[in-house]
Amino acid sequence: MRKLLFISFLIAANLQLLAQEIPAIYSNLGNDGNGIYLNVEGRKIYAFDANDEFKFSDLYGNPAGTRHGILLDFKYPKLTGILYYGFINYGDGNFPQTVYFRESAKIQEGKSFIPIAGVLSGKYDMINWEKTGRGVLGYRIISENGEMLYDGKLGFTYKNGSFSAAPTLIEGPFINKLSSKSLVISFTTTQPVKANIKVDGKTYGKKRARLNHEIEIDDLQPNTKYDYTLTIGEFEFKYTFETAPEPGTRTKFSFAYSSDSRAGNGGGERNIYGTNAYIMKRIAALAKAEGVKFMQFTGDLINGYETSRERMNLQYSNWKHAVEPFWHHMPIIPAFGNHEAYNYIFPDANKNVTYMIDHFPFDNDSGESLFQDNFVLPENGPLSEDDSAYDPDVTKIDFPSYKESVYWYAYDNAAVVVLNSDYWYAPQGNTLLSGNLHAYIMDNQMKWLEKTLENLENNKNIDHVFVSIHTPFFPNGGHVKDDMWYNGDNQPRSIVNNQKYEQGIIQRRDELLDIIINKNKKTLALLTGDEHNYNLLNITDEMPRYPANYIHEKLKLSRKFYQINNGAAGAPYYAKEVTPWMDHLRNFSTQNAVVIIEIEGSKVHVRVKNPDTLDLIDEYDLRE
């Protein structure tokens, strides 16, 4: 009977694989009973298997109460290591975090036990659980080779001499989509529950129990600080937020900018499975201490380049946990970069080459959809590249969605327009498989950008517009070989179903410059990353920006513009390289950095600080 069931399972799985349609925008791909394959000179090269050893949500621990504490089962039998644990005191300070106890527990065959009674009691009962009968524990999973894997949380109650696991927060709450009158608060719970948020005497919530919660808070007053209380079962969590001023009020405010926090070297929290949690926490803490109203973070949050949805979600969760205490109070607004790539990977052993493309189906299992699942962002961007001149079938949805990876938002008299230069990204092999190029902006996104900037140009409440994109228009250290330069080679371009885009990468860069600089006056600076350093580039018409013997039309720039690159949020550094425009470069630094942009009416002042040492790296005016 078991054999028949197993055979039935294999048949069903193979039928599902066969039913998975290859998007028409790819080329040389096929699907048979063995999986997705790439056809190279008549050879079938199959994609790597995801090789999942754990399910991300099982790292919540599947907690079960006993008379003495909480038993955790991560359902990951190969997992052996150490579990550090401690209470989270939500009544002590504005930014509650786990305070680890002096002792730890072993993880054996994917299971561990946190002793509470007689251990985290008496003088170690800092949350008063012995009196209230409830509390929240934080824990950190360390593998046997010392790798920091995950930071989790669990709620518990104590009644009649026994502990029980209770639903609690596992991520959040996060402040999103902030305006002068409303915002969205999102959070994730360990179990499906009904939850509510109380603000100014009014209660907001959903009627249905769920794991992932998004609650809109409305009818608020502009430029006002509010207390809010999130209630989940027996637990209450108290925080604050501040609404934005009325648009065009022109009050003094500041915001922070950074990017590139994928894992770094040096040990410790510089690598909590895919992200440099140490530097990210320092950046968020400094930004909050500086009184910024929000932080834009554009790309390469995590290591990515994964074949596994489970491992991608784990990395995203670790990034969110690193900045979570500060995100309770102010918006942190992430954007898409090349390391957000979630791939099919095809290894060609004959040619010693590996090909990589965006995972599909695009609507629910792609890099774009994973990003959408993990963040709550504005949804005012273009739909996709469907119905463009390169769409092979206008009757079908062929491309990934731009939802929540291309968007714009405003705060008072400033607007930030966020682009995705790694959409439908093919890290390797787009000439064979088709796919988008690193740093290439495709047609529909271009059209949306032009229309959006035109609307902002005509918006009387907006004085300053920043365009944020992961890849620099003019790279200076680490990505001169690609970004929007490719060592001066205009040949690289996007390819759709074997059809090459008419414009090469440098031509496309000039089209963007024309829209941003020549056709608009409020646009002030590019906020870029990808290169793991900080620098300021003064872009003028006199700045050399073409390779020798460039045969295409050269763009004339009508005014001065700035590129502020800050990819210094903890990823391994890149040093300065030789470029045609390097004489226009100011203060190249490999220090970790956060850019703080201060706006007061018509004035824009920039300070750049090292979040680890608090040194001032750079300071200047963009508009006086």
Q.
Suppose the chain between residue 290 and residue 586 were pulled fully straight at 0.36 nm per residue; how much longer would it get relative to their current alpha carbon spacing?
A. 104.2 nm
Q | Added length on full extension, which subtracts the Cα-Cα distance from 0.36 nm per residue, residue 125 to residue 502 | A | 129.0 nm
Q: Report the extension gain between residue 397 and residue 97 in nm, rounded to one decimal, defined as 0.36 nm multiplied by the number of residues separating them, less their alpha carbon distance.
A: 103.6 nm
Q) Are there GluC sites (Glu not before Pro) in the stretch 80-170 that DSSP marks as loop and that have at most 15 other Cβ atoms within 10 Å, and which are they? A) 109, 144, 147
Q: Sticking with the crude label model, points 7 Å out along Cα→Cβ, report the distance from residue 549 to residue 20 in nm, one decimal please.
A: 4.5 nm
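Relative to the compact globular guide of 2.2 N^0.38 Å, what is the alpha carbon radius of gyration of the stretch 157-206, as a ratio? Can you show the working numbers first?
Working: Rg = 14.6 Å, N = 50, 2.2 N^0.38 = 9.7 Å.
In units of the globular-protein estimate, the stretch 157-206 measures up at 1.51.
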Q | Size-normalised alpha-carbon gyration radius of the stretch 524-577, reference 2.2 N^0.38 Å | A | 1.38
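What are the trypsin sites (Lys or Arg not before Pro) within the stretch 502-535 that DSSP puts in a loop, where the Cβ has at most 14 other Cβ atoms within 10 Å?
Hits after loop and neighbour filter: 519, 521.
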Q) Is the stretch 491-540 rounded, prolate or oblate when judged by the Cα gyration tensor, a ≥ b ≥ c being the square roots of its eigenvalues, rounded requiring a/c under 1.5 and prolate requiring a/b larger than b/c? A) oblate
Q: Keeping the other protein chains in place, figure out the carbon and sulfur percent of the accessible area of the chain, with a 1.4 Å probe.
A: 47 percent
Q: Tell me which label goes with the value of log10 I(q)/I(0) by the Debye sum over Cα atoms at q = 0.08 Å⁻¹ computed from the coordinates here: (i) -0.75; (ii) -0.68; (iii) -0.61.
A: (iii)
Q | Shape parameters for the stretch 187-302, alpha-carbon atoms, Rg then Dmax in Å | A | 17.6, 48
Q | MRE, 222 nm, helices only [DSSP H, n ≥ 4, -39500 (n - 2.57), over the chain, to nearest 500] | A | -4500 deg cm²/dmol
Q. What's the center-to-center distance, using Cα atoms, between the stretch 574-624 and the stretch 261-336 in Å?
A. 21 Å
**Q.** Among 496-507, 296-307, the order from most to least packed when residues are scored by Cβ within 10 Å on average
**A.** 296-307, 496-507
Q) In nanometres, what is the gap between the two model label sites at residue 540 and residue 351, each 7 Å from Cα along Cα-to-Cβ? A) 4.6 nm
(Q) How much accessible area per residue does the chain have, counting only protein heavy atoms and a probe of 1.4 Å, in square angstrom? (A) 41 Å²
Q: Along Cα→Cβ, 7 Å out, is where each label goes; now give me the distance between the ones at residue 48 and residue 145 in nm to one decimal.
A: 1.4 nm
Q.
Placing unit charges on C-beta atoms (Lys and Arg positive, Asp and Glu negative, everything else neutral), compute the dipole magnitude of the stretch 551-624 about its Cα centre in debye, rounded to 20.
A. 340 debye
Q. Using modelled amide H (1.01 Å from N, peptide plane; none on Pro or chain starts), what sits under 5 Å from the amide H of residue 166, excluding residues fewer than 5 places away?
A. 155, 156, 157
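Given 4 °C and 1.567 mPa s, compute D for the stretch 348-504 with the Stokes-Einstein relation, Rh being the Kirkwood radius over Cα pairs; round to the nearest whole µm²/s.
Roughly 77 µm²/s, to the nearest whole number.
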Q | In range of the label at residue 556: residues from the stretch 509-539 whose backbone nitrogen is under 15 Å from the point 7 Å along Cα→Cβ | A | 514, 518-519
Q: Heads up, I need the accessible area for residue 409: 1.4 angstrom probe, whole protein in place, Å², nearest 10.
A: 30 Å²
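The values are calculated or read from the model by the stated rules, or taken from the named source; none is laboratory data. No experiment lies behind these values; they were computed from the predicted model shown. No Cβ is skipped: glycine too gets one built from the backbone with ideal geometry, and neighbour counts run over all protein chains shown. Ligands, DNA and RNA are excluded from the accessible area calculation, which covers all protein heavy atoms including side chains. Shrake-Rupley method; radii C 1.70, N 1.55, O 1.52, S 1.80 Å.
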